[in-house]
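Before any comments, here is the structure.
The values are calculated or read from the model by the stated rules, or taken from the named source; none is laboratory data. Computed from a prediction, not measured in an experiment: that's the story for all the values here. Don't worry about glycine lacking a Cβ; one is built from the backbone with ideal geometry, like all the others, and counts go over all protein chains shown. The area values use the complete protein model at the heavy-atom level, side chains included, leaving out ligands, DNA and RNA. Shrake-Rupley method; radii C 1.70, N 1.55, O 1.52, S 1.80 Å.
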Protein chains: 2
Amino acid sequence: MNLDNLFKPKSMAVVGISKKNPLSPGRIIFVKNVFEMDVKVYGIHPEGGEVDGVSLYTRLDELPEIPNLLVIAISAEDTLDYVQACADLSIPACIIIGGGFAEIGSEGVKRQEKLVQIANDNAIAVLGPNCIGVYSPPLLDTIFMPTERITRPPKGTVALISQSGGVLVDQFFHKFNEINIGVSTAVSIGNRAVVDETMLLEYFSKYDKGTSNIAFYLEGFKSSRKFLELARESNDTIITYFGGLSEQGKRATKSHTASLSGNDKVLSAALKQNLIIQPRTELEMLTYLKLFDVLSHKKKPFDYNKIVNGNVAILSISGGHGVICADLLKVYNLSSVEYTEEEKQDMHQLVNPVARNIASFNNPIDLTGSAKDEDIENIIQYLSKIERIECIILLILPYTPSISFQIGRKIANRVTTDKKPLVCFIPYIQKYGLIIESLELSNIPVFHSIEEAVQAVSALKMLTRIYNIKQKK
Amino acid sequence: MNLDNLFKPKSMAVVGISKKNPLSPGRIIFVKNVFEMDVKVYGIHPEGGEVDGVSLYTRLDELPEIPNLLVIAISAEDTLDYVQACADLSIPACIIIGGGFAEIGSEGVKRQEKLVQIANDNAIAVLGPNCIGVYSPPLLDTIFMPTERITRPPKGTVALISQSGGVLVDQFFHKFNEINIGVSTAVSIGNRAVVDETMLLEYFSKYDKGTSNIAFYLEGFKSSRKFLELARESNDTIITYFGGLSEQGKRATKSHTASLSGNDKVLSAALKQNLIIQPRTELEMLTYLKLFDVLSHKKKPFDYNKIVNGNVAILSISGGHGVICADLLKVYNLSSVEYTEEEKQDMHQLVNPVARNIASFNNPIDLTGSAKDEDIENIIQYLSKIERIECIILLILPYTPSISFQIGRKIANRVTTDKKPLVCFIPYIQKYGLIIESLELSNIPVFHSIEEAVQAVSALKMLTRIYNIKQKK
């Protein structure tokens, strides 16, 4: 099976285009790909004719060419005939949108078994059933939620593979757009009857140059051995988020995708041992992906493989933010460095006279609301020289009158010059977009809650661990 | 001391207005209140003259009236003279913005002791020092962050009291705006030398009719006994979030507001016993406040004092969302009801034929991406009749083509008719604002992550517990 046919087809055909119902999945997929995407598309309808001004063919064997991919969006009863047609016509890949297979019980299980047999006998790369397919920009998009209803994320380095279509579009597409994480390809695997997470890990890890980070939402492995082996050998960063590990969740996944998740402690240990990062919450997942996508840029503001112990310096202009951040360090297995009296005196001299007398130079450093841009620059420069600091967490509130709108650019230049790893918290408010942008243009990781900033540093520590293990080999 | 002078002054004076520096706190506070707020404002400058076209008085005793409040935004050294002037002129309240008191060590501690003595001897309600003061719309706003830099939240039922000014404006004002939580009054207490959290709890609980919910960010109690007693007797809902409970956090608070936080387990037990809700994270804090602000409206869509055990029905149109939600129930001490075979059959009949055959009617119910508006309405109506369900968590993704933009209004009408407690998750995307608004106009609690929706149900359970204890008295 050649998965390029799923993700990089030159041509594709769609069956299941309703003439009556413009909201039917097949019709949405067909019209969207004709109007919005680059792939060559053929629509099949037994009666021929047209929808939305686009002509349809009556049969697959009438097409002017054998397409690389067939999208099947019809009832389960009729689906197998079309898979058989793929075999007969040597169409090498298909995506089955509809449900009605293993997830509905015995009758569906039998249907799925037949499907697997046809696919394996004929080397057809079948995605699904019970899935929403593939988003592979700018080529194709088989996700039947209309593009205007759920805006697709920008192009980037993350390959997304999800066992749930809803999670893919909502927890990933929507959030990726909001915080500007880019996607190389997104895949909904549904019942993963044929193409499964292991085949996709292999494909994106070995054969897709646009991908540097591979993220999974799974509710259990189909089979874990080869997956873990591939992950350990991969040059990409692999992240898997598991739903359905709780007792309640397990019961839920069983009815939803007909899969079983195992013992969560054994699972977590196996993931860690095989250099797979496992976020515990959705928020952690997004934080990690944001960080990894940023760090995949060619220009790197600092070397991020040196956070061995997680020794952090917190620099804030709000005492309360420093306290909340300090509280979170232990939760994320990080620790805060201590300053010598001499260092404290040095820093005292580096800030403006008003702030100096009310600031605090313990860790967290609180420069107070009287801090100016240059105070922050000076302290970053000073901290950058202290070797036992592995990473700075900078907490910036742009509300105080003496912080200028140049602060982002100034920090970016400082960090890029001094090369000390730094993660920045800035509240996400549209009018401060300019500050956020100046940092992101220099690939400084920026987050919009204190907790995310701390999570990002813990992710840097995980990356360092993985890097060091891989170096030793 | 009459705290009305701090929050409802008819007139106020400001000292510390720089003529040279338009960004000085005193000048920002003065001009903002003259131009934007309702209170009558007098500016004091030893040389008189004017700033931004507004005339200044040279001395406090030259003012045409004795103001109710003096805002002092000058250096620590000169502050006490002005507090003494308040005593001499019978000005009953003052707000001290500047630092340089107990938080800077021995010299400052002495200064603060003198301050306390003058205040107590003359019954002056002193707020601060080392604070950003009061936001009491539409009357006054002494927060020196310019209004255009940090937009103030809408008017509502939550009184906010924070030991950190930065936390007040960023974690509260900013987020309150984002998710539409309303504030009655916001207070930054800084070093709380005189006016402290206990006095404020008493004031807002007993004397402020606009407040139904009182929220604190504290890094330790000044003295807890009376606070706890007042909280237990209050008719308002009291929420306290504590920063600085970790070892790292404790060290941080010590230098920042000169307060000590105690043992966190003892603290949590005392809070619970005295009917105070303690969020564990910032996110929980905001979820609770959003919920409590919504439920403080006169029109209530359902009776929220009946969530005794936390028995939940999850209704989703995405299987993965159902799984993630189910996983979270145990984390938040909730449990999911089970359906009988008969109930499953009933529900099966209530949804459209396409969805019916691929939907799952366990808990979580997954109506799939083929669900239509009326399927959701029908199932809510059916679940509302099942007595052992205490609350429904509804997970709505408006991306699928068959969900209409009327869905919010339809759900709102259904819930308001059937009266079953329901909490809704809808992703926060501007183009779905209409759906969110139709729900919020009927006071249905809406959240924008699955975890927040689950947190909200756990908060309903806490409210029921508190309600039942208060009923027994």
(request) List, largest first, the extents of the alpha carbons of the protein assembly as shown along their principal axes, each in whole Å. (result) 99, 62, 52
(request) Would you grab the residues whose amide H sits under 5 Å from the one on A:V71? Only those 5+ places off in sequence or on another chain, please, with H modelled 1.01 Å from N. (result) A:A13, A:V14, A:V15, A:I95
(message) Could you sort the peptides B:44-55, A:265-276 by per-residue average Cβ neighbour count (10 Å cutoff), highest mean leading?
(response) A:265-276, B:44-55
(request) Take the Cβ-Cβ distance between B:D264 and B:K344 as r, set R0 to 45 Å, and report the resulting FRET efficiency rounded to the nearest 0.05. (result) 0.50
(message) I need to check one value: relative contact order of chain B, counting alpha carbon pairs closer than 8 Å and at least 6 residues apart, in percent.
(response) 10
(request) May I ask which residue of chain A has the beta-carbon nearest to the axis carrying chain A onto chain B, and at what distance in whole Å? (result) A:L283, 4
(message) What aspartates and glutamates does A:K272 reach when the alpha-carbon gap must be under 14 Å and sequence neighbours fewer than 8 apart in one chain are set aside?
(response) A:E229, A:E233, A:D264
(message) Taking every pair of distinct Cα atoms and averaging 1/r, then inverting, what Kirkwood hydrodynamic radius in Å comes out for region B:176-219?
(response) 11.7
(request) Let me know the mean shielding of B:241-251 by other chains, meaning the per-residue number of their Cβ atoms within 10 Å of its Cβ. (result) 6
(request) First check a/c for chain A, with a ≥ b ≥ c the square roots of the eigenvalues of its C-alpha gyration tensor; if it is under 1.5, answer rounded, and if not, answer prolate when a/b is larger than b/c or oblate otherwise. (result) prolate
(request) Evaluate the distance, in nm, between pseudo-label points positioned 7 Å from the Cα of B:F35 and of B:Q381 along their respective Cα→Cβ axes. (result) 5.6
(message) Given bins 10 angstrom wide, list per bin the percent of all Cα-Cα distances in region B:335-449, short to long.
(response) 14, 48, 34, 5, 0
(request) List the distances, in nm and shortest first, from the label point of A:K206 to the matching label points in every other copy, placing each point 7 Å from Cα along the Cα-to-Cβ direction. (result) 7.7
(message) What Kirkwood Rh does region A:1-158 have if only Cα atoms enter the pairwise 1/r average? Answer in Å.
(response) 15.7
(request) Put a label point 7 Å from Cα along the Cβ direction on A:R232, then list its distances to the equivalent points in the other copies in nm, shortest first. (result) 5.9
(message) For region B:221-329, place one equal point scatterer on every Cα, skip the solvent, and apply the Debye formula. What is log10 of I(q)/I(0) at q = 0.09, 0.14, 0.19 Å⁻¹?
(response) -0.36, -0.80, -1.17
(request) Calculate the all-directions average of the projected area of region B:270-380's alpha-carbon convex hull, and give it in nm². (result) 8.9
(request) Kindly provide the Kirkwood hydrodynamic radius of region B:427-473 in Å, to one decimal, from all pairs of distinct alpha carbon atoms. (result) 12.5
(message) Given R₀ = 45 Å, what would the calculated FRET efficiency be for A:N177 paired with A:K470, taking r from the Cβ atoms and rounding to 0.05?
(response) 0.90
(message) How shielded is A:17-29 by partner chains, expressed as the average number of their Cβ atoms within 10 Å of its Cβ atoms?
(response) 1
(request) Quick one: accessible surface of B:R59, probe radius 1.4 Å, all protein chains present, in square angstrom to the nearest 10. (result) 130
(message) Please list, in order along region B:374-389, the HN-Hα scalar couplings obtained from phi with the Karplus expression 6.51 cos²θ - 1.76 cosθ + 1.60 (θ = phi - 60°), rounded to whole Hz, x for Gly and Pro.
(response) 5, 5, 5, 4, 4, 5, 4, 4, 5, 5, 4, 7, 7, 5, 6, 7
(message) Quick check: convex hull over the Cα atoms of region A:34-110, volume per residue in Å³, rounded to an integer?
(response) 113
(message) As a test of the formula, what do you get for the protein assembly as shown when each DSSP H run with n ≥ 4 contributes -39,500 (n - 2.57) and the sum is divided by the residue count, at 222 nm and rounded to the nearest 500 deg cm²/dmol?
(response) -12000 deg cm²/dmol
(request) Would you mind computing, in nm to one decimal, how far apart the modelled labels at A:S75 and B:K299 are, each placed 7 Å from Cα along Cα→Cβ? (result) 4.4
(request) For chain A, find the longest principal axis of its Cα atoms and tell me its angle to the long axis of helix A:264-273, 0 to 90°, nearest 10. (result) 70
(message) If packing is taken as the average count of other Cβ atoms within 10 Å, what order do A:293-301, A:415-423 fall into, highest mean first?
(response) A:415-423, A:293-301
(request) Would you kindly calculate the mean projected area, averaged across all directions, of the convex hull enclosing the Cα atoms of region A:84-201, in square nanometres? (result) 7.6
(request) For B:N413 and B:Q84, compute 0.36 nm times the residue count separating them, minus their Cα-Cα distance, and round to one decimal in nm. (result) 112.4 nm
(request) Determine the distance separating the Cα centre of region B:314-392 from the Cα centre of region A:410-453; give it in Å without decimals. (result) 42
(message) If you only keep lysine pairs separated by 8 or more in sequence, or across chains, how many in region B:331-473 come under 24 Å at the Cα atoms?
(response) 24
(request) State the antiparallel share, in %, of DSSP beta bridges confined to chain B, rounding to the nearest 5. (result) 15
(request) Of the DSSP beta bridges with both residues in the protein assembly as shown, give the percent that are antiparallel, rounding to the nearest 5. (result) 15
(request) Using only alpha carbon positions, build the gyration tensor of region A:277-316, then give the equivalent ellipsoid semi-axes as the square roots of 5 times its eigenvalues, largest first, whole angstrom. (result) 19, 17, 11
(request) Return, for the Cα atoms of region B:144-295, the radius of gyration and Dmax in Å, separated by a comma. (result) 14.5, 42
(request) Over the whole of A:423-429, what's the average partner chain Cβ count within 10 Å per residue? Rounded to a whole number, please. (result) 3
(request) For region A:75-130, restrict the atom set to alpha-carbon positions and state the Rg and Dmax in Å. (result) 10.4, 31
(message) Excluding same-chain pairs closer than 8 in sequence, count the lysine pairs in region B:91-211 whose Cα atoms lie under 25 Å apart.
(response) 4
(request) Run through the other copies and list how far each one's label point is from that of A:P64, in nm with one decimal, shortest first; the point sits 7 Å from Cα along Cα-Cβ. (result) 8.6
(request) Starting with the highest mean, order B:117-127, A:127-137, A:239-249, A:3-13 by the number of other Cβ atoms within 10 Å, averaged over the residues of each peptide. (result) A:127-137, A:239-249, A:3-13, B:117-127
(request) Using only alpha carbon pairs under 8 Å that are at least six residues apart, calculate the relative contact order of region B:131-212 and give it in whole percent. (result) 36
(request) For region B:336-393, just the Cα atoms, rotate onto the principal axes and tell me the three extents in Å, largest first. (result) 29, 21, 16
(message) With both bridge residues required to lie in region B:1-131, what share of the DSSP beta bridges run antiparallel, to the nearest 5%?
(response) 10
